[in-house]
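The values are calculated or read from the model by the stated rules, or taken from the named source; none is laboratory data. Fair warning: this is a prediction, and the values are worked out from it, not measured in the lab. Cβ: placed from backbone, ideal geometry, glycine included. Neighbour counts: every protein chain shown.
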């Protein structure tokens, strides 16, 4: 496989917590899928997990070179747990269409969070050509 693009993002956990407090479901429903919301709300500090997922979506948009908007929407990206519990990015809608059009076969992500910050990186991969 060859690399199509890479992305990284760092988010202040307090910024996400403030957005949730100020805008509530309007913010959360616009950015996160139902399963992401369920996952985060089951945690002691949901804002940490929301922030990591926010960072992951930003990092993927950077790896694809699209940003969030015309080609990739917030809800077109979903952080799910892989077979071994690792974070995996599931793409759908416009994001999946974009990847298919550009030969992107996989997007790998890595997440981390601490008390005040969450970060993620992403690598978009294309098939190797002989």
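Quick look at the numbers
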read-out	value
Residue satisfying condition, being over 27 Å from residue 1 (Cβ atoms), without any contact (Cβ under 8 Å) to a residue 24 or more places away in the chain and touching a helix residue (DSSP H, G or I) at 6+ places or on another chain (Cβ under 8 Å), within set 34, 28	28
Considering residues of segment 21-36 that are within 17 Å of the chain's Cα centre (by Cα) and surrounded by fewer than 18 Cβ atoms within 10 Å (Cβ to Cβ) only, the residue nearest to residue 90 (Cα to Cα)	35
Total residues in segment 1-46, condition within 16 Å of residue 119 (Cβ to Cβ) and part of a strand (DSSP E or B)	7
Filtered residues of segment 98-115 (kept if within 25 Å of residue 47 (Cβ to Cβ) and exposed (fewer than 14 other Cβ atoms within 10 Å of the Cβ))	112, 114, 115
Selection status of residue 118, touching a helix residue (DSSP H, G or I) at 6+ places or on another chain (Cβ under 6 Å), buried (at least 19 other Cβ atoms within 10 Å of the Cβ) and more than 21 Å from residue 15 (Cα to Cα)	no
Subset of segment 48-67 that is closer than 24 Å to residue 21 by Cβ and touching a helix residue (DSSP H, G or I) at 6+ places or on another chain (Cβ under 7 Å) - its residue that is surrounded by the fewest Cβ atoms within 10 Å (Cβ to Cβ)	48
Any hit, segment 47-58, residues being under 12 Å from the mean Cα position of the chain (by Cα) and not in a helix (DSSP H, G or I)	no
Any chance residue 15 is surrounded by fewer than 18 Cβ atoms within 10 Å (Cβ to Cβ), within 12 Å of residue 109 (Cβ to Cβ) and out of contact with any helix residue (DSSP H, G or I) (no Cβ under 6 Å at 6 or more places or on another chain)	no
Test: residue in segment 89-97 that is in contact with a strand residue (DSSP E or B) (Cβ under 7 Å, 6 or more places away or on another chain), loosely packed, with under 14 Cβ neighbours inside 10 Å, in a strand (DSSP E or B) and at pLDDT 95 or above	no
Residue that is surrounded by the fewest Cβ atoms within 10 Å (Cβ to Cβ), among those in segment 121-130 that are out of contact with any helix residue (DSSP H, G or I) (no Cβ under 8 Å at 6 or more places or on another chain) and assigned to a strand (DSSP E or B)	126
So residue 76, is it over 12 Å from the mean Cα position of the chain (by Cα) and at pLDDT 95 or above	no
